[in-house]
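One structure is given here, and the rest of the page talks about it.
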Amino acid sequence: MAAITPPIVGAGTVPAGLLARAHGAARWLAARGITEGSRIAVDSADVLPWFLGADLLGAAALVVEPSWTPRERDAVLADARPDLVVHPRVADVVAADGVFPAGDEDTFFYLPTTSGSSGRPKVLLRTRGSWLRSFAALGRLHGPVLIPGPLSSSLFLFGALHALWCDQEVRLLPRWEPNAAAEATRRAGAIHVVPAMLAALLDVLDRRSELRENCALRTVVCGGAHLPEEVRARVARLLPEADLVEYYGSAEHSLIAIRRGADGLRPVPGVRLDIRDGILWVRSPLAFSGYLRSGVLHPPETEWSTVGDRVELDGTGALVVRGRTGAVVSSGGRLVSAEEVEAVLRSVRHVEDVVVAGTPHPTLGAIVTAVVEAAPDRWPALRELREAARASLEPGKRPRRWLVTKALPRTAAGKPARAAIARQLRDGTLAAEPLR
């Protein structure tokens, strides 16, 4: 019997070798009692066969993030309560076929976790339909599709499954490395990235004309954080043949809005938005089904839900995201939006990325601290950073402490790990030095 495509990629064409391994994984899991409605945790670098194999059986999979601390891992598994944990030592399965898919679009297939950028990861539960509708909203891509980050990140797993849904080959990089990613764009028609990755990739292409001239990218998909206009302009200059697709979403809501070309962020069809006191509330057929706590599903209390993002509409009706309410520094009685300050400082030359957090202070509570990421041989000038802050920020919002590091702590999705940075600032363990 011919191998059948797993339901999460629908009519997409899965490469024969991967498909056979997915069916083999499904048989291996079924022999150990995994069936429709079960939950597994994949603790293996070889994610796709196990994930697709579980999907064939109608089981939901959680992908273990290798960088979790033992405490985080134990907490996540305690909330997910998987029926089975797949370890690396059982990662080699015999190719097979003939597993008939179970379930429908309402079947739970994935247990994503929050990124950990603002605290302990939470476990969510998602149906196939929520992502199948997300794939359709994003649309078709050129291929092959380059996925330059770990599939333990829902952003990159989404990119890999979306590529299969598009009938395109998936090309994985085991870890993010800008030069390796730039080399890989010679043979990739599309790429999924976060803004910091895109900026670093453009740096390489800017320096190495032979890679830029042979870059095959026709679509750049960017999500996970706000994309600065300066980076958008560099894409147009360095990759004039590529379409840039920016999306805004969350682990809870999947895609919320998409920006294509010069247009602003527009809501995905079927997604309804409501702005209450500056905070975005969402009602969406793409949304998650709830949180898992101690193995029990806790659905959202109403059809409308929020993750606390501060937003507004511009003059054209496009959505402008101002940042998460939790990303604030309380300094001297003033609440300072970290992301507002970061947006200003990212425009300064040689700044690759920046995180604004609070350093504990005995009288002010905290002082606004900028942690700048830059290449060791190209540190930004402190004078230029201060000038940018003076030109665009009120005095109380301007950083009073300036640090520089060659690499910010990051989540699996490549986003700055705000909670870890704030903790390391508090403990004095952040690998950064004063910028002078």
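Structural remarks
- Residues satisfying the stated conditions in region 336-364, i.e. in contact (Cβ under 8 Å) with a residue 60 or more places away in the chain, touching a helix residue (DSSP H, G or I) at 6+ places or on another chain (Cβ under 7 Å) and not in a strand (DSSP E or B): S347, E352
- Only a single item in (1) free of Cβ contacts under 8 Å to residues at least 40 places away in the same chain; (2) surrounded by 15 or more Cβ atoms within 10 Å (Cβ to Cβ) is not met by V296, and it is number (2).
- Just one of (1) open to solvent by less than 60 Å² (accessible area, probe 1.4 Å); (2) among the aromatic types (F, W, Y); (3) out of contact with any helix residue (DSSP H, G or I) (no Cβ under 9 Å at 6 or more places or on another chain) fails for W379. It is (1).
- Residues located in region 365-419, provided they are under 15 Å from L430 (Cβ atoms), assigned to a strand (DSSP E or B) and of a type outside the set (D, E, K, R): A366, I367, T369, A370, V371, V372, W402, L403, V404, T405, P416
- In region 420-436, the qualifying residues are those that are open to solvent by 30 Å² or more (accessible area, probe 1.4 Å) and part of a helix (DSSP H, G or I), and the one that is modelled with the highest pLDDT is Q424.
- If you go through region 310-346 and pick out every residue that is under 12 Å from L265 (Cβ atoms) and open to solvent by less than 30 Å² (accessible area, probe 1.4 Å), you end up with 3.
- Candidates G139, G149 - the one that is among the small types (G, A, S) and more than 30 Å from A75 (Cα to Cα): G139
- Pairing each residue of region 239-258 that is touching a residue at least 12 places away in the same chain (Cβ under 8 Å) and under 12 Å from A137 (Cβ atoms) with any residue that is in a strand (DSSP E or B) and of a type in the set (S, T, Y), provided the two are 6+ apart or on different chains, yields C-beta distances under 6 Å for L255/Y247; I256/Y248; A257/Y248; I258/Y247.
- Residues that are among the hydrophobic types (A, V, I, L, M, F, W, C) and within 16 Å of the chain's Cα centre (by Cα) were ranked within region 51-67; the one that is surrounded by the fewest Cβ atoms within 10 Å (Cβ to Cβ) is V64.
The rows are residues; the columns are (1) touching an Asp or Glu at 6+ places or on another chain (Cβ under 9 Å); (2) within 17 Å of L157 (Cα to Cα).
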residue	(1), (2)
A11	yes, no
L19	yes, yes
I34	yes, no
D43	no, yes
A61	yes, yes
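- Candidates V307, V311 - the one that is out of contact with any helix residue (DSSP H, G or I) (no Cβ under 6 Å at 6 or more places or on another chain) and closer than 30 Å to A61 by Cβ: V307
- Subset tally (residues that are assigned to a loop (DSSP other than H, G, I, E, B), under 19 Å from the mean Cα position of the chain (by Cα) and within 30 Å of R218 (Cβ to Cβ)) for region 245-278: 3
- Residue in region 224-246 that is within 29 Å of D106 (Cβ to Cβ), surrounded by 22 or more Cβ atoms within 10 Å (Cβ to Cβ) and at pLDDT 95 or above present: no
The values are calculated or read from the model by the stated rules, or taken from the named source; none is laboratory data. Worth saying up front: this structure is predicted, and the values here are computed from it rather than measured. Note: ideal-geometry Cβ built from the backbone for every residue, glycine included; neighbour counts use all protein chains shown. The protein model used for the area step is the full one, side chains on, heavy atoms only, and it has no ligands, DNA or RNA in it. Shrake-Rupley method; radii C 1.70, N 1.55, O 1.52, S 1.80 Å.
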